[in-house]
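Colleague: Supplied in structure tokens, the structure appears directly below.
Each reported figure results from applying straightforward, stated rules to the coordinates on display, with no laboratory input. Keep in mind that this is a model prediction, so the values were computed, not measured. Heads up, the Cβs are rebuilt from the backbone with ideal geometry, glycines too, and the neighbour counts pull from every protein chain shown.
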Amino acid sequence: MFSIRIKLVFVITLITVSSFVTVVVSNLQIIRADKEKALSNSNFQVSELVTRSVETQMTEYRRGLEYITKTFVSNPNLAIDPSYFPDYVWVAILDWSGQVVYEWNQKTKLEDAGLDVEKLLGKKNQDSLFQEVKQVLSLRDGWLLFNSTVKPVFPTFLFASAVKPPGAERPSHVILAEIDAAPLFKQIHPRRGQDLILIDSHQNVIFSTEDSWDPAEIAFKDEKAIEIIRGLDRGRQAQISISYPHRESQLSWFQKFKDGEGITLVLQEPVSALTAGSEKIQFQSLIVGLIVLVIAVNLIVLIAGRLTKPIQDLTTLMQKVGKGEFSARIKVKSKDEIGKLATFFNKMLQELDDREKEIERAKSKLIQSEKMSAFGQMSAGIAHEVKNPLAGILGYAQIVKKKLEDRPELLSHIEIIEKETLRCKEIVENLMRFARQEKAQFLRIDVNKAVRDSVRLVEHQISVSGIKMVQNYALEGVGIFIKGNTNQLQQVMLNLMLNAQHAMESKGTMTVSTHYDEKSSRVMVVVSDTGCGMSAEVQARIFEPFYTTKGVGKGTGLGLSVSIGIVKDHRGSIEVESLPGKGSSFTISVPLDDDPLGKAEVAASAKSGAA
Ligand SMILES: Nc1ncnc2c1ncn2[C@@H]1O[C@H](COP(=O)(O)OP(=O)(O)O)[C@@H](O)[C@H]1O
Ligand SMILES: [Mg+2]
């Protein structure tokens with residue numbers, strides 16, 4: 001249904017597009033995997049850095065509080081100088097039994113925030129906090145951190161730690177401190193596109209860089225993240241991808257603090273960060289792909305055209321041939337399969353053409369011979385009618401001639417009558433021979449002998465006219481035997497030799513030769529001359545009776561037509577080759593007798609000679 005060209009274009013386009021898509025997709029996958037690795041590494045580093053800086057800050061606070069414990073437990077009446085500890089809002093030191101041994105608050109900060117010390121969450125939940133801290137920190141060294149922001153929003157966190165006297169086994173005091181969160185927040189800087197969330201010991205949010213974060217809203221609602229945080233040991237890291245129902249999926253990194261009890265830093269980056277930039281690559285690939293495709297399609301169309309053009313040409317040619325135009329040929333441009341096909345096709349056409357011409361020739365020959373046979377019958381009729389009256393005329397002319405011997409003035413007239421009548425008689429006899437009215441006797445004869453005898457008849461006359469005579473006999477001395485009539489064959493030879501003489505006038509060479517062909521079982525007699533030759537038009541008509549190019553009274557135009565009749569009687573043929581101005585060559589070909597070389601004769605004569 002589709003042409004080969006369209007099929008080729010389709011298949012190659014498909015291959016180009018699919019291989020291009022495969023390359024682009026696999027490239028994008030490699031890029032994504034690479035990016036994921038790089039992102040993972042860098043984000044783990046970021047979380048570690050931030051964690052460390054927060055921890056350093058906390059250690060700082062802890063040292064300050066330890067100092068305060070050392071200094072102020074023994075002097076509970078002294079007040080802390082806020083200029084040394086600007087971030088502290090409220091500090092309480094309790095002994096291991098839960099008794100408050102020291103308490104202090106920074107009035108100016110509380111006033112600035114419009115708060116009363118009683119409102120602070122640390123102060124409010126002092127007892128329960130003490131219990132929790134005592135329980136947790138009796139087992140291991142460290143600190144706790146809780147979001148303790150109160151309304152109106154004053155972001156603070158509660159820092160809780162236990163203090164061990166030097167050399168003691170167990171801690172002696174618990175410190176609870178409300179600290180201004182602003183300096184801590186300054187420690188936390190996310191990269192663009194990322195968010196950092198600091199989770200406290202109760203899995204509440206202390207700080208988040210998310211735009212939507214409300215400092216008054218402390219609950220961390222990300223269940224999946226909480227699950228990971230719970231399962232993570234101190235100082236360990238984790239990374240997972242979390243999908244959310246109402247926001248983009250996030251890649252999350254978790255970093256659990258080493259010292260802070262249950263404190264975690266969460267780093268989030270949207271999954272799209274992995275594919276960011278790949279749109280550009282995709283777009284560029286698309287453009288490159290399109291360009292490649294356009295070039296490829298053009299090339300394919302060109303190549304497919306080149307491939308299918310010869311086939312189209314062949315098709316057109318086939319159509320012509322179908323209409324009988326055998327002379328058309330296809331141009332062979334390539335040596336490939338199509339080129340070979342074209343060559344074979346041309347060969348086939350050549351053969352068809354030759355055969356057609358051969359048929360045409362045979363047809364015209366047939367027409368010619370039919371024409372001749374019709375003419376033969378007609379002329380046989382005329383000759384038969386004219387033969388007897390001519391005999392009468394000749395007889396009476398000869399009687400009158402005898403009676404006029406003493407009247408020389410009349411004798412010459414009667415002699416002309418006699419001569420012309422004889423000429424007419426000869427023509428009539430020729431005509432009858434042409435029409436094969438005479439039945440000649442066929443005997444076993446030697447072709448060489450018949451030819452040589454004919455040459456002898458004209459040899460003298462020809463050499464006198466200045467023409468060189470050359471003779472060549474095949475198998476001389478052996479003889480080449482056919483079934484035939486010597487007289488008739490000699491008549492043919494005379495006709496051919498006289499024609500050759502006429503064609504040369506008085507110069508040139510006449511060659512008479514015989515050839516023996518064992519393969520085809522035929523003998524050939526060739527009479528050639530170096531005379532005037534014939535044009536193709538003359539050649540086409542020479543076997544027609546009465547066709548002659550010679551002047552009136554010189555030629556009868558019966559020589560060749562009679563000759564061909566005789567040769568045909570011998571089951572033979574006459575072939576002519578002639579070039580105007582160069583000469584002509586007539587070849588008689590006759591089938592051989594059963595014992596063409598006369599071995600029987602040779603044997604017989606040898607026997608008689610011996611006897
Ligand atoms: N050897 C030849 N060379 C040139 N033309 C020839 C030769 N033989 C025959 N012809 C041509 O063929 C014609 C017919 O020959 P033919 O039948 O013998 O008749 P005629 O010899 O009476 O003309 C000649 O008139 C001549 O034009
Ligand atoms: Mg002649």
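Colleague: Rounded to the nearest 500 deg cm²/dmol, what is the calculated helix-only ellipticity per residue at 222 nm for the chain, with -39500 (n - 2.57) per DSSP H run of length n ≥ 4?
Modeller: -18000 deg cm²/dmol
Colleague: Of K419/K582; K449/K582; K468/K582; K7/K333, which pairs sit farther than 25 Å apart, going by alpha carbon to alpha carbon?
Modeller: Too far apart for the 25 Å limit: K419/K582; K449/K582.
Colleague: Report the extension gain between K401 and Q441 in nm, rounded to one decimal, defined as 0.36 nm multiplied by the number of residues separating them, less their alpha carbon distance.
Modeller: Gain in length upon complete extension: 10.8 nm.
Colleague: To the nearest Å, what is the center-to-center distance of segment 406-480 and segment 127-155, using C-alpha atoms only?
Modeller: If we compute the Cα centre of each part, the gap is 156 Å.
Colleague: Evaluate Rg over Rh across the chain, taking Cα atoms for both radii and Kirkwood's formula for Rh. Spell out each step's value before the answer.
Modeller: On the way: Rg = 67.0 Å, Rh = 38.4 Å.
The Rg/Rh ratio comes out at 1.74.
Colleague: For I300, I291, I206, which order do you get if you count the other beta carbons within 10 Å of each Cβ and list the fewest first? Intermediate values should be presented prior to the final figure.
Modeller: Working: I300 18, I291 10, I206 27.
Listed from fewest to most nearby Cβ atoms, that is I291, I300, I206.
Colleague: Can I ask one more? Under 15 Å from the 7 Å Cα→Cβ point of K468, by amide nitrogen: which residues of segment 489-515?
Modeller: It comes to 506-512, nothing else.
Colleague: Would you mind calculating the relative contact order of the chain from Cα pairs under 8 angstrom and at least 6 residues apart, reporting the percent as a whole number? Don't skip to the answer; put the middle values down first.
Modeller: Details: 835 pairs, mean separation 51.5, N = 611.
With pairs under 8 Å counted, the relative contact order is 8 percent.
Colleague: Relative contact order, percent, of segment 439-600 when contacts are C-alpha pairs under 8 Å separated by at least 6 residues?
Modeller: On the way: 310 pairs, mean separation 41.5, N = 162.
Once normalised by length, the contact order is 26 percent.
Colleague: First select every other residue whose beta carbon is under 12 angstrom from the beta carbon of I414; then total the charges, Lys and Arg +1, Asp and Glu -1. Before the final figure, lay out the partial values.
Modeller: Numbers: positive: K401, K402, K403, R407, K419; negative: E405, E409, E415, E418, E420.
Value of the local net charge: 0.
Colleague: Starting with the fewest neighbours, write out D353, D95, D127, D233 ranked by other beta-carbon atoms found within 10 Å of each beta-carbon.
Modeller: Working: D353 16, D95 13, D127 10, D233 6.
If I rank by nearby Cβ atoms, fewest first, I get D233, D127, D95, D353.
Colleague: Sketch the reach of a paramagnetic label on K309 as a point 7 Å from Cα along Cα-to-Cβ, and name the residues of segment 340-357 whose backbone nitrogen lies under 18 Å away.
Modeller: 340-343
Colleague: Amide H neighbours of V101 under 5 Å, counting only residues 5+ apart in sequence or on other chains, H built in-plane at 1.01 Å?
Modeller: Here I93, L94, D95 satisfy the definition.
Colleague: Moving to a separate point now. Give me V136, V567, V447, V538 sorted ascending by neighbouring Cβ count inside 10 Å, so fewest comes first. Please report the intermediate quantities before stating the final value.
Modeller: Details: V136 17, V567 20, V447 28, V538 14.
Exposure proxy ranking, most exposed first: V538, V136, V567, V447.
Colleague: Using packing as a proxy for protection, rank 175-188, 467-480, 238-251 so that the peptide with the highest average count of other Cβ atoms within 10 Å comes first.
Modeller: Numbers: 175-188: 19.7, 467-480: 15.9, 238-251: 12.5.
Put in order of decreasing packing, that is 175-188, 467-480, 238-251.
Colleague: Could you give the nm distance between label points at K347 and Q99, where each point is 7 Å from its Cα heading toward the beta carbon?
Modeller: 12.6
Colleague: Which of F159, H189, I311 sits closest to the plus end of the dipole of the chain, meaning its Cα is farthest towards the positive end, when Lys and Arg get +1 and Asp and Glu get -1 on the C-beta?
Modeller: The one lying farthest along the dipole's positive direction is I311.
Colleague: What area, in nm² and to one decimal, does the C-alpha convex hull of segment 45-275 cast on average over all directions?
Modeller: On the way: hull surface 53.0 nm².
For the Cα atoms of segment 45-275, the hull's average projected area reads 13.3 nm².
Colleague: From the Cα gyration tensor of segment 360-472, with a ≥ b ≥ c the square roots of its eigenvalues, which class applies: rounded if a/c is under 1.5, or else prolate if a/b is larger than b/c, or else oblate? Show your work: numbers first, answer last.
Modeller: Details: a/c = 2.36, a/b = 1.31, b/c = 1.80.
It comes out oblate by the Cα gyration axes.
Colleague: Given the C-alpha atoms of segment 143-228, compute the convex hull and give its volume per residue in Å³.
Modeller: On the way: hull volume 11.9 nm³, N = 86.
Normalising the Cα hull of segment 143-228 by residue number yields 138 Å³.
Colleague: Using +1 on the beta carbon of Lys and Arg, -1 on that of Asp and Glu, and nothing else charged, what's the dipole of the chain about the Cα centre, debye to 20?
Modeller: Numbers: 75 positive and 73 negative charges, 708 e Å.
Using Cβ point charges on Lys, Arg, Asp and Glu, the chain gives about 3400 debye.
Colleague: Provide the per-residue ³J(HN,Hα) series for segment 214-221, in order, calculated from phi with Karplus coefficients 6.51, -1.76, 1.60 and θ = phi - 60°, each as a whole number of Hz, with x at glycine and proline positions.
Modeller: 10, x, 6, 8, 9, 5, 9, 9
Colleague: Output wanted: per-residue J couplings in Hz (rounded whole) for segment 493-505, from phi through Karplus 6.51 cos²θ - 1.76 cosθ + 1.60, θ = phi - 60°, x for Gly and Pro.
Modeller: After applying 6.51 cos²θ - 1.76 cosθ + 1.60, I find 4, 4, 3, 5, 5, 5, 4, 5, 4, 4, 5, 9, 6 Hz.
Colleague: Taking a temperature of 37 °C and a viscosity of 0.692 mPa s, what whole-number D in µm²/s does Stokes-Einstein yield for segment 1-84 with Rh from Kirkwood over alpha carbon pairs? Before the final figure, lay out the partial values.
Modeller: Working: Rh = 19.7 Å.
Answer, rounded: 167 µm²/s.
Colleague: While we're here: Under a cut-off of 18 Å between alpha-carbon atoms, report the lysines in cross-link reach of K123, not counting same-chain residues fewer than 8 places apart.
Modeller: Reachable lysines: K107, K109, K134, K151.
Colleague: Can you tell me the convex hull volume per residue for segment 439-600, based on C-alpha atoms, in Å³ to the nearest whole number?
Modeller: Values: hull volume 18.6 nm³, N = 162.
Per residue, the Cα convex hull of segment 439-600 comes to 115 Å³.
Colleague: Same structure again: Determine the distance separating the Cα centre of segment 328-392 from the Cα centre of segment 496-529; give it in Å without decimals.
Modeller: Centre-to-centre distance over Cα atoms comes out at 25 Å.
Colleague: Quote the relative contact order of segment 326-438 in percent (integer), defining contacts as alpha-carbon pairs under 8 Å separated by 6+ residues. Provide the component values of the computation, followed by the final result.
Modeller: On the way: 57 pairs, mean separation 30.2, N = 113.
With pairs under 8 Å counted, the relative contact order is 27 percent.
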